[in-house]
Amino acid sequence: CANFHGQFMQGKVTLIACPKLDAVNYADKLSRIFAANDIRSIPISRMTVPCCGGLPFAVQNAIRESGKDIPLHIVTIDPRGQIQ
């Protein structure tokens with residue numbers, strides 16, 4: 001856990017989301033956040049499970065809706081904690 005924090009979260013604003021469990025339109029909410037702030041890049045850490053696939057899709061839509069060109073980097077992690 002400490003390695004994960006140091007590699008992906010330390011020194012960054014972190015948002016945690018679950019497309020399967022949250023009844024939220026992430027693209028709409030995130031596009032407003034992206035439009036109102038100076039964001040240099042967006043790293044996404046997601047698991048290999050299918051329901052996590054909705055998050056990168058929502059972020060890609062939010063970037064487009066914000067009108068900004070924000071670099072997106074997606075890291076996929078398996079259930080054992082290994083980066084794919």
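The values are calculated or read from the model by the stated rules, or taken from the named source; none is laboratory data. For clarity, every value in this text was computed on a predicted model and none was experimentally measured. Cβ placement follows ideal geometry from the backbone for every residue including glycine, while neighbour counts extend to all protein chains displayed. Each accessible area value is taken on the protein alone, full model and side chains, heavy atoms only, with ligands, DNA and RNA left out. Shrake-Rupley method; radii C 1.70, N 1.55, O 1.52, S 1.80 Å.
Return the pairs, sorted by first residue and then second, in which the second residue is of a type outside the set (A, V, I, L, M, F, W, C) and open to solvent by less than 30 Å² (accessible area, probe 1.4 Å), the first residue lies in the range 59-70 and is within 9 Å of residue 27 (Cα to Cα) and in a helix (DSSP H, G or I), the beta carbons are less than 6 Å apart, and the residues are 6+ apart or on different chains. Taking only residues 6 or more apart or on different chains, the pairs are 62/31; 65/31.
So residue 8 passes all but one of these: (1) in a helix (DSSP H, G or I); (2) modelled with pLDDT of 90 or more. Which condition number does it fail? With respect to (1) in a helix (DSSP H, G or I); (2) modelled with pLDDT of 90 or more, residue 8 is out only on (2). The set of residues in the range 45-80 that are open to solvent by less than 30 Å² (accessible area, probe 1.4 Å), over 12 Å from the mean Cα position of the chain (by Cα) and small (Gly, Ala, Ser) contains only 66. Within the range 19-54, the set of residues being assigned to a helix (DSSP H, G or I), in contact with a Cys (Cβ under 8 Å, 6 or more places away or on another chain) and modelled with pLDDT of 90 or more is empty. Applying a threshold of 9 Å to beta carbon distances and a minimum spacing of six or more residues, or different chains, the list of pairs starting in the range 4-33 at a residue that is farther than 17 Å from residue 53 by Cα and open to solvent by 70 Å² or more (accessible area, probe 1.4 Å) and ending at one that is part of a loop (DSSP other than H, G, I, E, B) and not β-branched (Val, Ile, Thr) reads 4/81; 13/37.
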